[in-house]
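A.B. asks: My questions all concern the structure below.
Values quoted throughout were computed directly from the atomic coordinates according to the rules given, and no laboratory measurement underlies them. Predicted model only: the values in this text are computed from it and were never measured. Quick reminder, even Gly has a Cβ in these numbers, built from the backbone with ideal geometry, and neighbours come from all protein chains shown.
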Amino acid sequence: MKRHNLLSTSIKCALITAAATASNSVLAQDEQATKIERVEVTGSRILREGAIAPAPVTVISGEQLINTGAVNIGEALNNLPALGNTYSMANSGRFIGTAGLNILDLRNMGTDRTLVLVNGKRHVSSSAGSQAVDTNTIPSVWVERVEIITGGASAVYGADAVTDVVNFILKDNIEGMDFSVTRGFADLNSYNNEKATFSYGSNFDNDRGNAAFAIEYSGQDSLNALDHPWTSTSFSSLPNQAQTDENKNSADFPDDILTPNAGYYAINDSGVYALEDPTKYINSFNPDSSARDLYIGNNADPYSCAECDFFNLGQFEEIQPEFERYNVNFKVNYDVTDDLNVYFDAKYVNSQGESIGQPAFFFFDSDNGRTRC
């Protein structure tokens, strides 16, 4: 008869109890794990590379952009606080060769510091000597969403993305036909704009491939500053006629005030260049080349006058430039295998814009010892 002492019996009981407890614990953990839907880590000290670190992203869907009614998608994006109006349509004629362009400028730090991508890839620039991209060359009908990264993008993309990245995500597979027409007009003048888009795409080879093309036209008339009542009036800083020796030191009577219907008379539509004292006799010319007195009124300084024969520079300023644009895009992609996809993209854009600018002129202001223009 085999005998067991008290020590061995106790060890065996302890082992059996531990095994049963461990088995029950594993079953309980498995049952609990099946109930967990998501594990979210709110803080971590784990070192991560900049390329995979989280960054704040603003996302705008393509449908939202189209629903704004804007002829140019860049105009709609410029309504965001992070983007400046450096090269909106109203400012696009500020430099030679930029009329009609919509170039994005994150944080107003310069268009060359804003990286514009299409499907995560760099896009051909639209301004000579610059990497700036005209957003009007991107087919608006294919835009699925726009992602604006506003933090840490330079760690991934380098110095091109100093002010971060605007990424246009286009639709992968285009199926069916899409057609739209937009037209806008102004109540206070004859300005109008229009836009028409057409897109068609289809799958082939049992949905392994997709081919699509899009045609877009947009254009608008020129809107001169004189054609709008809000900008047609010319202003100039002139001596305050209400100032006297008694009140000239009062804050209620400044030396100069911004006066409407005023401007330069030293250079005017007649081509006169006169830097004479306003009290002296100054000649001007009629359209038939005959001489006449230049009327400078009762409120004038050596360069400007009010309610007189002044030079309204508003005639050389545009609120909106004239442009006409044709945009043709084509793309095709094909799944060679489950892990290999080949694609081809092509586009043609013809954009013609026209803008006018103020003529440059300079003269020396002897009263203040500086050059004025």
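A.B. asks: Around Thr137, with a cut-off of 9 angstrom between Cβ atoms, what is the net charge of the other residues, counting Lys and Arg +1 and Asp and Glu -1?
C.D. replies: +1
A.B. asks: While we're looking at this one, here's another question. Quick one: length gained pulling Arg107 to Gln358 fully straight, 0.36 nm per residue minus the C-alpha distance?
C.D. replies: 87.6 nm
A.B. asks: Taking R0 as 25 Å, what FRET efficiency do you get between Asp335 and Tyr200 from their Cβ-Cβ distance, rounded to the nearest 0.05?
C.D. replies: With R0 = 25 Å, the Cβ-Cβ based efficiency is 0.75.
A.B. asks: Follow-up. Sorting Glu307, Glu322 on the 10 Å Cβ count, fewest up front, what's the list?
C.D. replies: Glu307, Glu322
A.B. asks: Something else now. Could you calculate the FRET efficiency of Trp230 with Ile257 from 1/(1 + (r/R0)^6), where r is the beta carbon distance between them and R0 is 25 Å, rounded to 0.05?
C.D. replies: FRET efficiency, Trp230 to Ile257: 0.80.
A.B. asks: Across segment 345-355, in residue order, what do the Karplus-derived ³J(HN,Hα) couplings come to in whole Hz, using 6.51 cos²θ - 1.76 cosθ + 1.60 with θ = phi - 60° and x for Gly and Pro?
C.D. replies: So the J values, rounded to whole Hz, are 10, 8, 8, 9, 10, 10, 10, 10, x, 9, 9.
A.B. asks: Report the label-to-label distance for Ser237 and Arg145 in nanometres (one decimal), using points 7 Å from each Cα along the Cα→Cβ vector.
C.D. replies: Placing both labels 7 Å along Cα→Cβ, they lie 4.9 nm apart.
A.B. asks: So how do Trp142, Trp230 line up by other beta-carbon neighbours within 10 Å, fewest first?
C.D. replies: Trp230, Trp142
A.B. asks: What is the sum of charges, Lys and Arg at +1 and Asp and Glu at -1, for the other residues whose Cβ falls under 13 Å from the Cβ of Asn193?
C.D. replies: Within the 13 Å Cβ shell, the charges total -2.
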